[in-house]
Structures are given as C-alpha cells and as structure tokens.
Amino acid sequence: MRGFLLRRLADPHLADDLLQELFLKSLRQGANFCTIENPRAWLFQVARNALVDHARLTHPQVELSEQIAAQEDLRAPVDELDACLLRNLAELAADDREIIEQCDLQGVKQQVFAHKAGLSLPAAKARLLRARKRLREALTRNCQVRFDDTGRVCCHVPRDPAGTGA
C-alpha cells in the first residue's frame, strides 16, 4: 500500500501520513472490517479516495470574476437549438410530428407504435425515417443546423423569435 501511495505522491512523508490515515479508517471499521467481502479492494478504494481528497485540498482555487456572473444571462446555444427544434417539429405534418414525438421523444418502441397505428413494422420504420429526414431538412433550412461527418449537430444559427427566418 505504501508503494502505491509513493508512486502517486512522490513524497514519502505525505505517503506515510495517508497510510496512517488509511490504517485509522480500517481500525474504525472494527468487526465490520472482517465482514468486508474484498478487504484489499476496499483498502485501495479508501487510499484512492484519500488521494483525491488530498488533491482537492492542495489544488489552488481561482476566484471567479464578476464578468462570469453577468454572462449567466446569455442563452446557451443548446437552449436555442432546443427552441428551434420544437418550433420546427410543430411545423411538421401531423403524421411526421406524431411518430417523432412518440418514438424519439417519448421512447415508444417502433413495434408498439406500428401496432397502435395499424401499420406493419417495416412501414412504421420507413415513416419514421421519412419524418426524421423532413425534420433534419427543416432544421438545416430554418436554423442553419450543420452536421459533422458522423451526423451529429456541430453548430447552428437560430431563427429570430418571431420565426420569420434566420
């Protein structure tokens, strides 16, 4: 255990102090220490926690400037994208909106949706793919959403609050 602490701290006195703290925590367990399923793993977990606590206490803290508090009023880009998504979702055809809301937002399985809507599973999957494509086109057009090579949203320009364009 001492070697483990020395490799992480490079200070033998601090390693000995933390080892002593670990020993005392083990003693405080009393008879419960004998009931621990894997005492060696428990000891290493307690040692890792002690190292983390030490790092937190010795890490210098930086005072935050008042400018950071003023920036809280700014709306986060993800919130703007969320508003744009909801606005564009509302503008989709009812069938497209229904399948996206149920399957993508509410977590309804496609099989369950297909059964409720009286569709075959392949028909429901095709409908969902078409709806997602239309929503993606609307987001690209109305909010200038751009996607990276993996298909994830990388950036966007939100529409104005009136919804009259970018």
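Peptides 4-17, 47-60 ranked from most to least packed by the mean count of surrounding Cβ atoms within 10 Å: 4-17, 47-60. In the assembled protein chains, Arg146 presents an accessible area of approximately 140 Å² (probe radius 1.4 Å).
Judged by the gyration tensor of its Cα atoms, with axes a ≥ b ≥ c, segment 83-149 is prolate; a/c meets the 1.5 cut and a/b is the larger of a/b and b/c. Given their separation in residues at 0.36 nm each and the Cα-Cα distance between them, Asp16 and Leu129 gain 34.5 nm when the chain is fully extended.
The values are calculated or read from the model by the stated rules, or taken from the named source; none is laboratory data. This is a predicted model, so every value here is computed, not measured. When we count neighbours, we look across all protein chains shown, and the Cβ atoms used for this are built from the backbone with ideal geometry, even at glycine. To get the accessible areas, we keep the full protein, side chains included, count just its heavy atoms, and leave off ligands, DNA and RNA. Shrake-Rupley method; radii C 1.70, N 1.55, O 1.52, S 1.80 Å.
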